[in-house]
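Please treat every number below as a calculation from the coordinates, not as lab data. Bear in mind that the values here come from a model prediction, so they are computed numbers and not experimental data. No Cβ is skipped: glycine too gets one built from the backbone with ideal geometry, and neighbour counts run over all protein chains shown.
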Ligand code: ADP
Ligand code: F6P
């Protein structure tokens, strides 16, 4: 007999292409095990309000190809209060929801942990375009967002060539420069600026001057949104103005922003999402919770949420006093290895970018 009668599923935080694929996988796997699934509309806000929709294999039949999340998403500060949490738990009890699958980023996983501690076993799935969760090599949505970014930059390049212009393109990624790095390499940018690495502005400007003198017509510079001026304003626009002023190259600026979060998910995002969704149901049924599904060296494995959150802080050099106290020496070593691996990935990608002329 199944361990659960009903699983609730929600998408929370920034949406990501591939979230629908996750939902479909959870629904299909759960029903194959005799478990019902109910969708929570609008993330944790929907859980507080009791905004639920029954999901069946029929109702999720054609959602896989669609971007966004058909269950909608939200950022819900109320959920972080004890009152909000109690209301969310009440919704679960009143609707016979025995467990939750929560798709989102680190904030969403914190919510999943709180639900677990309040008696509703929950599992997180990493759905964010930023690929900024250190415990997993990959987050659902990255591949689609990079492909969309490159598709747009290719179009910008066409018109830059025609008009002998440069385009500075600001891309998303919060404080993680992966989207910028992949996009720069794949689109043949002449420079890329990311928060994880020092940016030599003078060298980039000199390079642009030299390239133009040598006859290069169209040029692209990619800047991650995590780059700021000392006064906190976005660096990308400042750089665009500086390039034009100092090189005489006509320079346009474009902020891609949310457009790269939409669109039909790529095969990679659909399949990774599906695999993670299936594993999440299997684990819940096996009695496991409070974990996030991670892709590590091509395998989908559960990682304790507390471990994943602190590994992130370690990578970002944001550890607070006492953060490591409840972890064993072995776990701390694993966190260090994950942080190093992530830094190496960025370094290697940055080197590729430099080697190909970014
Ligand atoms: P993401 O999941 O993409 O990181 P957010 O940080 O906005 O996005 O988190 C999504 C939601 O998760 C929040 O709106 C809130 O409802 C919930 N959440 C965030 N942080 C916490 C926390 N510390 N405790 C409980 N719930 C949280
Ligand atoms: O985390 C995904 C992301 O798209 C980031 O790249 C970006 O900084 C942020 O979300 C934007 O958030 P919002 O949708 O709330 O504007």
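Computed from the Kirkwood radius of its Cα pairs, the Stokes-Einstein diffusion coefficient for region 204-277 at 4 °C and 1.567 mPa s stands at 85 µm²/s.
Of the DSSP beta bridges with both residues in region 164-242, give the percent that are antiparallel, rounding to the nearest 5. It would help to have the intermediate numbers written out before the result.
On the way: 1 of 10 bridges.
Counting DSSP beta bridges with both partners in region 164-242, the antiparallel share is about 10 percent.
Relative contact order of region 243-358: 14 percent, from C-alpha pairs under 8 Å at least 6 residues apart in sequence.
In region 57-126, one over the average inverse separation of all distinct C-alpha pairs is 13.3 Å, which is the Kirkwood hydrodynamic radius.
Relative contact order (percent) for the chain, with alpha-carbon contacts under 8 angstrom and 6 or more residues of separation? Before the final figure, lay out the partial values.
On the way: 760 pairs, mean separation 73.8, N = 358.
Over the chain, the number comes to 21 percent.
How high is the FRET efficiency from residue 317 to residue 259, r the C-beta distance, R0 41 Å, rounded to 0.05? Efficiency computed from Cβ-Cβ geometry: 0.85.
Considering every pair of different Cα atoms, what Kirkwood radius, in Å, is found for region 162-236? That comes to 12.7 Å for region 162-236. The smallest convex shape that holds all Cα atoms of region 278-358, its convex hull, gives 120 Å³ per residue.
For the chain, place one equal point scatterer on every Cα, skip the solvent, and apply the Debye formula. What is log10 of I(q)/I(0) at q = 0.06, 0.07, 0.13, 0.15 Å⁻¹? Values, matching the q order: -0.25, -0.33, -0.98, -1.19.
Looking only at the chain, where both bridge partners belong to it, what percent of the DSSP beta bridges are antiparallel (to the nearest 5)? Counting only bridges with both partners in the chain, antiparallel ones make up about 25 percent. The relative contact order of region 49-207 comes to 13 percent, based on Cα pairs under 8 Å that sit 6 or more residues apart. At the listed q of 0.18 Å⁻¹, the Debye profile of region 3-63, built from one uniform point per Cα, gives log10 I(q)/I(0) equal to -0.61.
If region 171-212 were replaced by its equivalent ellipsoid, with semi-axes equal to the square roots of 5 times the Cα gyration tensor eigenvalues, what would those be, largest first, whole Å? Display every interim value, and only then the final one.
On the way: eigenvalues 82, 33, 7 Å².
In descending order the semi-axes read 20, 13, 6 Å.
The Rg/Rh ratio of region 114-267, with Rg taken over Cα atoms and Rh as the Kirkwood radius over Cα pairs, comes to 1.07. One Cα centroid belongs to region 15-92, the other to region 173-212; the line between them spans 38 Å. Cα-based values for region 29-95, radius of gyration first and Dmax second, are 13.4, 37 Å. Counting only DSSP beta bridges whose two residues both lie in region 1-159, roughly 20 percent are antiparallel. Compared with the alpha-carbon gap, the fully stretched path from residue 271 to residue 348 is longer by 25.1 nm at 0.36 nm per residue. Estimated from helices alone, the mean residue ellipticity of the chain at 222 nm is -14500 deg cm²/dmol (sum of -39500 (n - 2.57) over DSSP H runs with n ≥ 4, per residue).
Starting from the exponent 0.38 and prefactor 2.2 Å, build the expected Rg for region 1-113 from its residue count and divide its actual Cα Rg by it. Could you put the intermediate results ahead of the total?
Values: Rg = 13.2 Å, N = 113, 2.2 N^0.38 = 13.3 Å.
Working it through for region 1-113, the quotient is 0.99.
For the chain, the longest principal axis of the alpha carbon atoms and the long axis of helix 201-213 meet at an angle near 50°. Largest first, the three principal axis extents of the alpha carbons in region 231-342 are 63, 41, 22 Å in whole numbers.
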